[in-house]
Amino acid sequence: MSDRQARPEPSPPAWLIWAALAVIYLVWGSTYLGIRVMVETLPPLLGAGVRFLVAGSVLAGWLILRRGPSVLRASRGELAGAAMIGAALLLGGNGLVSLAERTVPSALTALIIASTPLWIVVLHWLTRERVTRTTLIGVVVGFAGVAVLILPRGLAGEVDPIGMAMLVSAAAAWATGSLYSKRLALPADPFASAALQQLAGAVLLVAAGLALGEGNRLDRATFSARSVVALGYLTVFGSLLAFTAYTWLLQHAPISKVATYAYVNPIVAVILGWLILSEEITVTMLAGAGLVIGAVVLIVSRGRAPAAERPSGPGPERVEAEVAEEVAETGPVATAMPTDGR
């Protein structure tokens, strides 16, 4: 073994890690605003489909140029796994968010989607995995926060209840995709896996949009410039730039630090919605946000043990560590990135 091979790779400087974190904090926090502006005049499902079709194609093309076409080769089982994860994360997660944001403010959307880690714990519990009492208390508190966000405005007719139901379903779909990304066969290369998930999800989004009649209502004369710019921003910055920063972080920073986006993104989204779209921030929203984000901080922080110290048995401590990883591996870009070398 040469000295070069024996020498460990130097750790990146702290400022570089924080710079990458700032990118996913700000860019992913702004995706809710971007979707809200995009669906003002663009069809939600077709718009989302175009976003991930372009992003997936660019990523696949970059991989082919660097490593050759064989990098995208996958078995039938791996292709099926990528399609299933793409369906859960992109069609079920991003698609429902895009539909809901036609009537639900971006800030409220971000706060409801922040409940995704709560759903991850619920899914672990439903599959009969042990979860500690503290984590379950966090889930109860978090869902109480979701109720505070939804019920007063929904009962008063201020916000579309169907849109809010879509957002709750989107959070559950994101959690499902995140959980099963560790249990289904996926391509070994994480970039290839992400590209195939985005392409599969894009096809499903476009098919769903056409099935719901979005194609019959297409009229380019009605597309506003700012909606088109928002779609471009979501594609380039949300699905490519932030995705690259996020992938790099998964390789160079602790999972628990990467997972902090789960409670920073909603805060960024609320501030941007207020600043740019003049969305209202009420005391009730702040109370619900505090409960949801506080619960997410509690749940994610329970899984912060370093990898070398992480429990490997079937106990609840292992489940909490997995929850922190699953939160870190599923963001608004909606592609699960396995970090275990599968």
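The values are calculated or read from the model by the stated rules, or taken from the named source; none is laboratory data. All values derive from a computational prediction rather than experimental measurement. So basically every Cβ, Gly included, is an ideal-geometry build from the backbone, and we count neighbours across all protein chains shown.
Summary of computed values
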| quantity | calculated |
| --- | --- |
| Among the candidates Ser193, Ser178, Ser169, residue that is closer than 26 Å to Ala269 by Cα, assigned to a helix (DSSP H, G or I) and at pLDDT below 90 | Ser178 |
| Complete set of residues in the range 213-239 that are in contact with a Pro (Cβ under 9 Å, 6 or more places away or on another chain), surrounded by fewer than 22 Cβ atoms within 10 Å (Cβ to Cβ) and under 21 Å from Gly86 (Cα atoms) | Glu214 |
| Subset tally (residues that are in a helix (DSSP H, G or I), touching a residue at least 60 places away in the same chain (Cβ under 8 Å) and over 16 Å from the mean Cα position of the chain (by Cα)) for the range 37-61 | 13 |
| Condition check for Arg153: of a type in the set (D, E, K, R), under 25 Å from Ala289 (Cβ atoms) and over 22 Å from the mean Cα position of the chain (by Cα) | yes |
| All positions within the range 88-119 that are part of a loop (DSSP other than H, G, I, E, B), under 19 Å from Ala48 (Cα atoms) and not β-branched (Val, Ile, Thr) | Glu101, Arg102, Pro105 |
| Residues (farther than 30 Å from Ala14 by Cα, in contact (Cβ under 8 Å) with a residue 60 or more places away in the chain and part of a loop (DSSP other than H, G, I, E, B)) located in the range 201-260 | Leu212, Glu214, Leu218, Phe223, Ser224 |
| Subset of the range 255-293 that is over 25 Å from Glu40 (Cβ atoms) and over 18 Å from the mean Cα position of the chain (by Cα) - its residue that is surrounded by the most Cβ atoms within 10 Å (Cβ to Cβ) | Gly288 |
| Members of the range 120-136 found to be assigned to a helix (DSSP H, G or I) and free of Cβ contacts under 8 Å to residues at least 40 places away in the same chain, listed by number | Trp125, Leu126, Arg133, Leu136 |
| Any hit, the range 164-178, residues being among the aromatic types (Phe, Trp, Tyr) and free of Cβ contacts under 8 Å to residues at least 60 places away in the same chain | no |
| Residue in the range 126-150 that is surrounded by the fewest Cβ atoms within 10 Å (Cβ to Cβ), counting only those that are of a type outside the set (Val, Ile, Thr), within 21 Å of the chain's Cα centre (by Cα) and within 13 Å of Ile299 (Cβ to Cβ) | Phe143 |
| Test for Leu250: is it of a type in the set (A, V, I, L, M) and modelled with pLDDT of 90 or more | no |
| Residue list for the range 10-21, restricted to those being at pLDDT below 90 and either under 26 Å from the mean Cα position of the chain (by Cα) or closer than 17 Å to Thr247 by Cα (or both) | Ser11, Pro12, Pro13, Ala14, Trp15 |
| Residue identified as out of contact with any Ser or Thr (no Cβ under 6 Å at 6 or more places or on another chain), free of Cβ contacts under 8 Å to residues at least 60 places away in the same chain and of a type outside the set (S, T, N, Q) among Leu65, Leu108, Leu72, Leu79 | Leu65 |
